[in-house]
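Beneath this line is the structure, given in structure tokens, with notes to follow.
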Ligand SMILES: [Ca+2]
Ligand SMILES: [Ca+2]
């Protein structure tokens, strides 16, 4: 029984992401892509897959727990987009 609970959550989140705006969906799938071990956080090591995030990892990790959660990643995406827009 227990081994089905995590896949069910993943499927549930995927479905939820699918019905939300495509911008949110792509943001979340990038977060999921970077979170290789699936613990819900992007570590400094995992951030290396995204050069922009790796560069700004210390600033993105606002609560200084050495990992980036979904909210911190969301803010990073917003700021990155703002930087791109200004260029
Ligand atoms: Ca992780
Ligand atoms: Ca953090």
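Residue 83 versus (1) away from ligand 2 (no atom under 14 Å from the Cβ); (2) within 26 Å of residue 10 (Cα to Cα); (3) over 12 Å from the mean Cα position of the chain (by Cα): which is the lone unmet condition?
All conditions are met except number (2).
What about residue 77, is it surrounded by 14 or more Cβ atoms within 10 Å (Cβ to Cβ), within 16 Å of ligand 1 (Cβ to nearest atom) and within 19 Å of residue 24 (Cβ to Cβ)? Talk me through it step by step, then tell me what you get.
Numbers: surrounded by 14 or more Cβ atoms within 10 Å (Cβ to Cβ): yes; within 16 Å of ligand 1 (Cβ to nearest atom): no; within 19 Å of residue 24 (Cβ to Cβ): yes.
It is false that residue 77 is surrounded by 14 or more Cβ atoms within 10 Å (Cβ to Cβ), within 16 Å of ligand 1 (Cβ to nearest atom) and within 19 Å of residue 24 (Cβ to Cβ).
Restricting to the range 39-60, and then to whatever is within 10 Å of ligand 2 (Cβ to nearest atom) and in contact with a helix residue (DSSP H, G or I) (Cβ under 6 Å, 6 or more places away or on another chain), can you tell me which residue is nearest to residue 7 (Cα to Cα)?
Of everything passing the filter in the range 39-60, 42 is nearest to residue 7 (Cα to Cα).
Filter the range 29-71 for residues that are assigned to a helix (DSSP H, G or I) and within 8 Å of ligand 1 (Cβ to nearest atom) and give the result.
Answer for the range 29-71, where residues must be assigned to a helix (DSSP H, G or I) and within 8 Å of ligand 1 (Cβ to nearest atom): 34, 46.
Take residue 63 and tell me if it is within 16 Å of ligand 2 (Cβ to nearest atom), at pLDDT 95 or above and within 24 Å of residue 7 (Cα to Cα). Show your work before the answer.
Values: within 16 Å of ligand 2 (Cβ to nearest atom): yes; at pLDDT 95 or above: yes; within 24 Å of residue 7 (Cα to Cα): no.
The answer is no for residue 63.
Name the pairs whose Cβ atoms lie under 6 Å apart, with the first residue in the range 52-71 and in contact (Cβ under 8 Å) with a residue 12 or more places away in the chain, the second in a loop (DSSP other than H, G, I, E, B), and 6 or more positions between them or separate chains?
As it stands, the answer is 67/41; 68/61; 69/41, since those pairs meet every condition given.
The values are calculated or read from the model by the stated rules, or taken from the named source; none is laboratory data. Predicted, not measured: the structure shown is a model, and the values here were computed from it. For neighbour counting, all protein chains shown are included, and Cβ atoms are generated from backbone atoms with ideal geometry for every residue, glycine included.
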